[in-house]
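Enquirer: One structure, pasted below without further comment.
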């Protein structure tokens, strides 16, 4: 029987672990005393170290604000120069990753993605999921059902169910180290969202996945150092030990989506080598990371988001280094996201976009990537054709030896020929940020905006560019400086249009939040931190 703690809103479910809200669907199946005890112990064992590493992030940022630039670490040179070590071999169902599809851990999207023909599906608890408590719990339930092949959904229009065979391999992305889950308190403090998401999924599914010939596979997000990867590895080892799951059962693919992680790719693989599956070029967050880390440098201001493609120098170097690093160590190199959504009302728009998608995927395959990401089921066949041509019958192209790795200077080369900031770029950023924030506050973390699937990463680019351009007074191509007044004027015009189109959204909250993010003197590290306080 439930017992109530001193706070009448908290329900004790395991020693020292309390829930602030148990009245959500699927709570009985997911929030069991045993599961809560398991995640509570993970939190007690590793949260102190997590907090120390987050403090180290702040210290490094202070050095960058003072003019320092990142470089390859001198104290880990021995790891990079040792030619012998390799990551663990890939499991059979994670060896061919030519097309991966991603989406929020939500029943309908999960069913469509698992049925899509992609080789891998990443169920996202991070950038594509608005972490309302009902969403988080329902997402864990949907993962649990999907693992057992029983996930289904009936709507007024259609019944969705998993196919009997040919499903994508399931991989789960927990939230990043910087986030908390306020609905679960461990000894009176919010639990780490990373440990909650990972721990719940592992507790409910690891043994079942292994029994079905698969395994507990994860994507790890937002890492900034090999020390953060070492923390994840220790969490994985402890989880396997606690549930008596064989060591080495977990496979983790790390998203290289921060510039600091890009300079520590080999070290990250090394720390996770017994559990590492590969690295992924998380391109949108990587662009955001450049803006965030070098926010104090006027000489590293980026132009309109649409001009920051994978063909520009610093993005090209990043992709090439990732492939070279992975193949040197026997790991999969996964390319970045194509966020385009086909527009069935305007075929010419779709054709132009698909041509750009094909060009992007050919570049990735030509560089040696073993697979790529898409956001929509209709792009699975498009990307698949490119990688089928590159791979043939091979599951991957890890046999392609590493090419010459880019230098630190090439990794930081932000020159973009013809790069400029335009009023159209300002308007796009304002519109995208407002629409995404309003959608996120409404409980939807994957929002279709202007034929693109926007998530927190792309919204981060929009709001951080606005802050960067305003802070440095960057001149638009027409000569006007980017000022707070210009932002407010554009925001007002875009808001009027959006309010007329979708009146039900919480536009006042979205505007107040965007104003805070764009107009504050200090840069906010992640928009999801203040936004989380506004969720119901």
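The values are calculated or read from the model by the stated rules, or taken from the named source; none is laboratory data. Everything quoted here is computed from the prediction, not taken from an experiment. Every residue, glycine as well, gets a Cβ built from its backbone with ideal geometry; the counts of neighbours run over all protein chains shown.
Enquirer: Hey, which of the helices (runs of 4 or more DSSP H) in region 208-298, taking only ones fully inside, have at least 2 residues that are assigned by TED's automatic domain parsing to the domain that holds residue 82 and on the phi > 0 side of the Ramachandran plot?
Expert: Working: elements: 226-242, 259-262, 265-271, 283-293.
Helices (runs of 4 or more DSSP H) meeting the threshold: none at all.
Enquirer: Let me ask something additional. Taking only region 123-166 into account, find how many residues are in a loop (DSSP other than H, G, I, E, B) and either within 20 Å of the chain's Cα centre (by Cα) or within 20 Å of residue 221 (Cβ to Cβ) (or both).
Expert: Of the residues in region 123-166, 8 are in a loop (DSSP other than H, G, I, E, B) and either within 20 Å of the chain's Cα centre (by Cα) or within 20 Å of residue 221 (Cβ to Cβ) (or both).
Enquirer: Residue 364: assigned by TED's automatic domain parsing to the domain that holds residue 308, closer than 14 Å to residue 382 by Cβ and surrounded by 24 or more Cβ atoms within 10 Å (Cβ to Cβ), yes or no? Write out each step before concluding.
Expert: Working: assigned by TED's automatic domain parsing to the domain that holds residue 308: yes; closer than 14 Å to residue 382 by Cβ: yes; surrounded by 24 or more Cβ atoms within 10 Å (Cβ to Cβ): yes.
For residue 364, the condition - assigned by TED's automatic domain parsing to the domain that holds residue 308, closer than 14 Å to residue 382 by Cβ and surrounded by 24 or more Cβ atoms within 10 Å (Cβ to Cβ) - is met.
Enquirer: Are any of the residues in region 396-419 assigned to a strand (DSSP E or B), touching a helix residue (DSSP H, G or I) at 6+ places or on another chain (Cβ under 6 Å) and either within 17 Å of residue 281 (Cα to Cα) or not assigned by TED's automatic domain parsing to the domain that holds residue 305 (or both)? It would help to see each step written out before you state the result.
Expert: Going residue by residue through region 396-419, those that are assigned to a strand (DSSP E or B) are none.
Looking through region 396-419, none of the residues is assigned to a strand (DSSP E or B), touching a helix residue (DSSP H, G or I) at 6+ places or on another chain (Cβ under 6 Å) and either within 17 Å of residue 281 (Cα to Cα) or not assigned by TED's automatic domain parsing to the domain that holds residue 305 (or both).
Enquirer: In region 311-349, how many residues are without any contact (Cβ under 8 Å) to a residue 40 or more places away in the chain, outside any loop (DSSP other than H, G, I, E, B) and more than 21 Å from the chain's Cα centre (by Cα)?
Expert: Counting residues in region 311-349 that are without any contact (Cβ under 8 Å) to a residue 40 or more places away in the chain, outside any loop (DSSP other than H, G, I, E, B) and more than 21 Å from the chain's Cα centre (by Cα) gives 2.
Enquirer: Please list, ordered by residue number, the helices (runs of 4 or more DSSP H) wholly in region 19-92 having 3 or more residues that are out of contact with any strand residue (DSSP E or B) (no Cβ under 6 Å at 6 or more places or on another chain) and in the same structural domain as residue 214 (by TED's automatic domain parsing). Steps first, answer last, please.
Expert: Numbers: elements: 27-30, 33-65, 77-81.
Qualifying helices (runs of 4 or more DSSP H): 33-65, 77-81.
Enquirer: Of the numbered conditions (1) modelled with pLDDT of 95 or more; (2) within 16 Å of residue 220 (Cβ to Cβ); (3) buried (at least 24 other Cβ atoms within 10 Å of the Cβ), residue 288 fails exactly one; give the number of that condition.
Expert: It is condition (2) that residue 288 fails.
Enquirer: Shifting gears a bit: Please determine whether any residue of region 98-113 is under 17 Å from residue 27 (Cα atoms), out of contact with any strand residue (DSSP E or B) (no Cβ under 8 Å at 6 or more places or on another chain) and either without any contact (Cβ under 8 Å) to a residue 60 or more places away in the chain or surrounded by fewer than 24 Cβ atoms within 10 Å (Cβ to Cβ) (or both).
Expert: Yes.
Enquirer: Are there any pairs, at least 6 apart or on different chains, whose C-beta atoms fall under 7 Å, with the first in region 461-482 and at positive phi and the second crowded, with 20+ Cβ neighbours inside 10 Å and in a loop (DSSP other than H, G, I, E, B), and if so, which?
Expert: 473/482
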